[in-house]
Amino acid sequence: STNNQGTVYVCGPDGLNVLQRAPTGWKFAGSYHQVKGIETRTAIDDENGNVWVGTYANGIIRITLSGGDTLVRHYGLEDGLPTLRDDNVFIVNGRLVFATPSGVYHFNEANDKIVPDTLMGKEWSDGSKGVFNFARVGPREYLAICVQGSQAWVEKLQFVGNSQKPRVTVAPFRPLTRRMIYSAYRDPDSVIWIGAGNELYTIDEKIPFRYDAPFRTLIRNITIGKDSLLFGGYFSRISSDTASFLPLLRQEKAMVPEIRFADNSIQFAYAASFYDKPEEIRFSYFLEGYRDYWSAWSSEPKVFFSNLSPGHYVFRVKARNIYGAEGEEASFAFIILPPWYRTIFAYIMYVVVAVFLVWGIVKYNTRRLQLEKIRLEGIVQERTAEILKQKKEIENQRDQIAAQKKDITDSIVYASRIQQAVLPTEKILAEQVPEHFILFKPRDIVSGDFYWITQKGKRTYIVAADCTGHGVPGAFMSMLGMSFLNEIVLKSDVNEPAQILNELREHVITQLRQTGEENETKDGMDLSLVIIDREKNVIQFSGANNPMYVVRPLSEEEKKNPVPESQLPRGTVRNENYELMQVDADRMPIGISAYLHKPFSQAELPLVSGYSLYLLSDGYEDQFGGPQGKKFLSRAFKRLLLQIQDKPMAEQKLILDRTIEDWKGDLDQVDDILVIGFRL
């Protein structure tokens with residue numbers, strides 16, 4: 001007891017007992033039944049009379065005597081202890097501290113908790129090492145038995161002045177075993193006794209000892225190859241005066257050995273001139289020219305390098321004793337010679353051989369090229385004769401083809417004249433509808449598109465047709481189409497547009513002998529037919545795939561209350577002044593199709609002055625061009641018609657022609673183009 005010299009607390013595996021001094025000796029004074037069955041390790045009382053008990057597996061216990069009652073308080077993990085095992089209590093430098101496997105802790109009376117003790121320094125409270133015991137060996141000196149895993153060591157703590165942070169000395173205790181240290185005591189003769197397991201150590205502080213005494217690192221021997229000795233452990237040279245060997249401490253430049261490349265595997269054995277605990281000496285080495293860093297400390301007294309490359313090397317090694325002092329470094333320089341095929345002589349031979357090899361290759365290739373030249377000249381002469389012969393044949397064929405092409409072109413041009421002659425003149429349309437235009441742009445000399453205009457009584461018939469194909473095949477179909485229309489309209493009583501298309505389809509199917517078989521060609525035509533009936537004052541329309549566009553001016557009311565395009569009928573578009581309506585055609589051609597037995601329909605509109613009507617083939621809207629090479633499309637065509645409605649029909653034709661040419665640019669025209677426009 002620190003407060004009563006006549007009281008001793010006895011810890012044991014079954015609790016805490018108390019002994020008191022009596023005239024006849026020490027007597028058993030009782031035990032604390034509150035901790036019975038608990039293995040206790042240390043006990044000490046504080047200045048308030050509380051008894052603090054450290055246990056093996058139950059944390060820290062505080063026993064307080066209050067009014068004849070004994071109060072027991074257990075401190076565990078929830079109270080701040082890092083662990084419940086191996087917790088001990090001590091008075092260190094006048095302060096109550098707790099030694100734990102995670103460092104030093106102390107009691108915080110304000111919140112009744114156990115907290116890390118930072119007054120002694122961070123290294124004592126950050127968990128980097130544990131503390132098993134504090135043994136007081138002087139007024140303000142203690143031996144701390146530190147633990148980390150299965151390792152244990154001793155550190156001497158000295159408190160100077162008012163500082164609670166001790167000075168720490170470790171070197172004198174390094175030779176101690178790494179086994180668990182249980183106790184330490186300092187006798188009056190300044191001899192420290194330390195018990196560790198079954199061993200007892202003494203440290204006499206009166207005997208001076210230099211823990212940093214210098215010592216040397218020694219290279220014992222160096223072997224190369226299998227067992228050839230390169231160095232025996234010392235350097236020497238012959239004295240010029242006595243002709244005897246003189247030992248040297250350092251390797252001189254003249255002593256740097258040159259080792260054959262075949263012996264480029266080398267082993268170094270080394271030691272240290274320090275004999276206190278030699279088994280605890282550690283070595284670190286560094287081979288300059290091989291690596292650029294020191295090796296980790298190791299107790300191995302040798303190292304082996306294999307297959308070293310040619311070059312200059314310096315082997316360096318240093319030792320560290322048990323007290324942490326490093327000895328003087330030892331070094332050995334040597335040279336690994338290159339193999340014969342990497343010597344200067346070998347490189348000279350390589351150059352000579354390479355020169356002769358290049359010379360031989362050049363000579364060989366020169367001769368080979370000369371022979372090849374002679375052979376090629378003969379081949380060239382033969383080929384030239386053949387080419388001249390072939391050239392003459394090709395020129396003859398060219399002339400024949402040119403003559404044939406001229407004949408064919410002349411025939412097509414003549415056919416074009418016939419087609420132009422067959423096409424109706426604009427006279428009839430000009431008489432009935434002065435404001436009109438016909439934009440007709442065949443892709444080839446002859447066209448697969450055609451227009452047909454005739455007058456029968458007070459009815460004006462206008463057709464814009466697109467036959468299957470273009471060029472000569474399309475032209476034949478256009479001739480048939482115009483012939484059939486003349487026969488149906490002018491030589492029969494068929495007057496309604498839908499009936500005309502039905503009859504025209506029957507004529508095409510009959511004359512072309514179409515049966516609808518799978519491999520049969522589907523020749524025919526798409527067209528739009530409009531009839532201007534002055535007697536009934538109406539416009540009748542029927543179409544096969546090709547619609548009719550009708551443009552009318554908007555009323556003042558419509559201009560004031562615009563309608564979104566999403567609410568307009570399908571195909572209808574508007575701008576500020578005009579509306580374009582699309583009169584749909586039947587989705588079937590003039591010719592054989594799946595809709596053979598379905599009759600064509602027709603639409604009827606009032607004949608209103610100021611309306612503009614447009615018939616067209618698909619050539620204008622399908623033309624590729626523009627910045628991205630895309631089709632012109634019907635929506636852009638409709639917008640264009642709305643933009644030019646204020647223009648006369650003749651000027652509209654020019655604008656449409658210029659627009660499609662600009663759109664096409666350098667691209668080819670993909671189809672025949674036909675647009676008919678007239679204003680009522």
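Being at positive phi and out of contact with any helix residue (DSSP H, G or I) (no Cβ under 9 Å at 6 or more places or on another chain) is the filter here, so list the residues in the stretch 613-662 that pass it. Within the stretch 613-662, G629, L633 qualify. Which residues, counting only those in the stretch 145-155, are within 18 Å of Y323 (Cα to Cα) and among the aliphatic types (A, V, I, L, M)? Once the filter is applied, which keeps residues that are within 18 Å of Y323 (Cα to Cα) and among the aliphatic types (A, V, I, L, M), the stretch 145-155 yields I145, A152, V154. Take the residues in the stretch 457-486 that are at pLDDT 90 or above and in a strand (DSSP E or B); name whichever of them is surrounded by the most Cβ atoms within 10 Å (Cβ to Cβ). Looking at the filtered set, the residue picked out is D466. For the stretch 262-298, the set of residues classified as surrounded by 12 or more Cβ atoms within 10 Å (Cβ to Cβ), over 13 Å from Y313 (Cα atoms) and charged (D, E, K, R) consists of D263, D276, K277, E280, R282, listed by residue number.
Does D46 satisfy being on the phi < 0 side of the Ramachandran plot, among the acidic types (D, E) and exposed (fewer than 13 other Cβ atoms within 10 Å of the Cβ)?
Values: on the phi < 0 side of the Ramachandran plot: yes; among the acidic types (D, E): yes; exposed (fewer than 13 other Cβ atoms within 10 Å of the Cβ): no.
In short, no.
For A29, the conditions (1) within 23 Å of I181 (Cβ to Cβ); (2) out of contact with any Gly (no Cβ under 7 Å at 6 or more places or on another chain); (3) small (G, A, S) all hold with the exception of (1).
Determine if the stretch 239-252 includes at least one residue that is part of a loop (DSSP other than H, G, I, E, B), among the polar types (S, T, N, Q) and at pLDDT 80 or above.
Of all residues in the stretch 239-252, those part of a loop (DSSP other than H, G, I, E, B) come to 239-244, 249-252.
Now restrict to residues that are among the polar types (S, T, N, Q): 239-240, 242, 244, 251.
When the remaining residues are screened for being at pLDDT 80 or above, the result is 251.
Checked against the condition, which is being part of a loop (DSSP other than H, G, I, E, B), among the polar types (S, T, N, Q) and at pLDDT 80 or above, the stretch 239-252 yields at least one hit.
Within the stretch 492-516, the residues that satisfy the criterion of being without any contact (Cβ under 8 Å) to a residue 12 or more places away in the chain, in a loop (DSSP other than H, G, I, E, B) and of a type outside the set (D, E) are S492, V494, R513. Residue under question is N519, and the condition is that it be assigned to a helix (DSSP H, G or I), surrounded by fewer than 19 Cβ atoms within 10 Å (Cβ to Cβ) and among the polar types (S, T, N, Q); does it hold? Criteria not met by N519. Are any of the residues in the stretch 45-52 in a strand (DSSP E or B) and touching a Ser or Thr at 6+ places or on another chain (Cβ under 7 Å)? Within the stretch 45-52 (the criterion being in a strand (DSSP E or B) and touching a Ser or Thr at 6+ places or on another chain (Cβ under 7 Å)), the answer is yes, since at least one residue qualifies.
Give I592, I539 a once-over and let me know the one that is farther than 22 Å from K638 by Cβ and among the hydrophobic types (A, V, I, L, M, F, W, C). Before the answer, list the steps.
Details: I539 fails: farther than 22 Å from K638 by Cβ.
The conditions single out I592.
Here S617 qualifies as closer than 30 Å to E520 by Cβ and polar (S, T, N, Q). Figure legend. Inter-residue proximity from the stretch 249-268: first residues assigned by the TED database to the domain that holds G289 and within 13 Å of S309 (Cβ to Cβ), second residues among the hydroxyl-bearing types (S, T, Y) and part of a loop (DSSP other than H, G, I, E, B), beta-carbon distance below 7 Å, spacing 6+ or different chains. Indicated pairs: S265/S306.
Pick out the one residue from D79, D86 that is charged (D, E, K, R), over 30 Å from K277 (Cβ atoms) and in contact with a strand residue (DSSP E or B) (Cβ under 9 Å, 6 or more places away or on another chain).
Details: D86 fails: over 30 Å from K277 (Cβ atoms).
None of the others qualify; the one that does is D79.
Go through (1) in the same structural domain as I145 (by the TED database); (2) over 60 Å from the mean Cα position of the chain (by Cα) for T2 and report which single condition fails. In the conditions (1) in the same structural domain as I145 (by the TED database); (2) over 60 Å from the mean Cα position of the chain (by Cα), T2 misses (1) alone. Strands (runs of 3 or more DSSP E) fully within the stretch 1-42 that include at least 3 residues being over 24 Å from I91 (Cα atoms): 25-31.
Yes or no, residue by residue, for (1) part of a loop (DSSP other than H, G, I, E, B); (2) within 29 Å of Q151 (Cβ to Cβ):
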residue	(1), (2)
D189	yes, no
I194	no, yes
I203	no, yes
D212	yes, yes
L218	no, no
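The lone criterion from (1) touching a strand residue (DSSP E or B) at 6+ places or on another chain (Cβ under 8 Å); (2) at pLDDT 90 or above; (3) not β-branched (V, I, T) left unmet by P278 is number (2). Within the stretch 163-176, the set of residues being within 12 Å of M120 (Cα to Cα) and surrounded by fewer than 18 Cβ atoms within 10 Å (Cβ to Cβ) comprises S163, Q164, K165, R167, V168.
Considering the stretch 133-161, the residues that are at pLDDT 85 or above and of a type in the set (S, T, N, Q) include one that is nearest to F90 (Cα to Cα), namely N133. Restricted to the stretch 96-179, the set of strands (runs of 3 or more DSSP E) holding at least 2 residues that are touching a residue at least 24 places away in the same chain (Cβ under 8 Å) and either under 14 Å from L81 (Cβ atoms) or among the acidic types (D, E) (or both) comprises 103-108, 113-116, 130-138.
Comparison of P497, P442 shows that the only residue that is over 22 Å from V670 (Cβ atoms) and surrounded by 22 or more Cβ atoms within 10 Å (Cβ to Cβ) is P497.
Quick one: which residue in T64, T70, T55, T100 is closer than 25 Å to V18 by Cβ, buried (at least 22 other Cβ atoms within 10 Å of the Cβ) and of a type in the set (S, T, Y)? Steps first, answer last, please.
Numbers: T64 fails: buried (at least 22 other Cβ atoms within 10 Å of the Cβ); T70 fails: buried (at least 22 other Cβ atoms within 10 Å of the Cβ); T100 fails: closer than 25 Å to V18 by Cβ.
The match here is T55.
Annotation: of all residues in the stretch 65-111 being out of contact with any Leu (no Cβ under 9 Å at 6 or more places or on another chain) and of a type in the set (D, E), the one that is farthest from E39 (Cα to Cα) is E109. Would you mind stating whether G571 is buried (at least 20 other Cβ atoms within 10 Å of the Cβ) and within 53 Å of the chain's Cα centre (by Cα)? No.
The values are calculated or read from the model by the stated rules, or taken from the named source; none is laboratory data. As the structure is a prediction and not an experimental result, all values here were calculated from the model. Note that we place each Cβ from the backbone using ideal geometry, even for glycine, and neighbour counts take in every protein chain shown.
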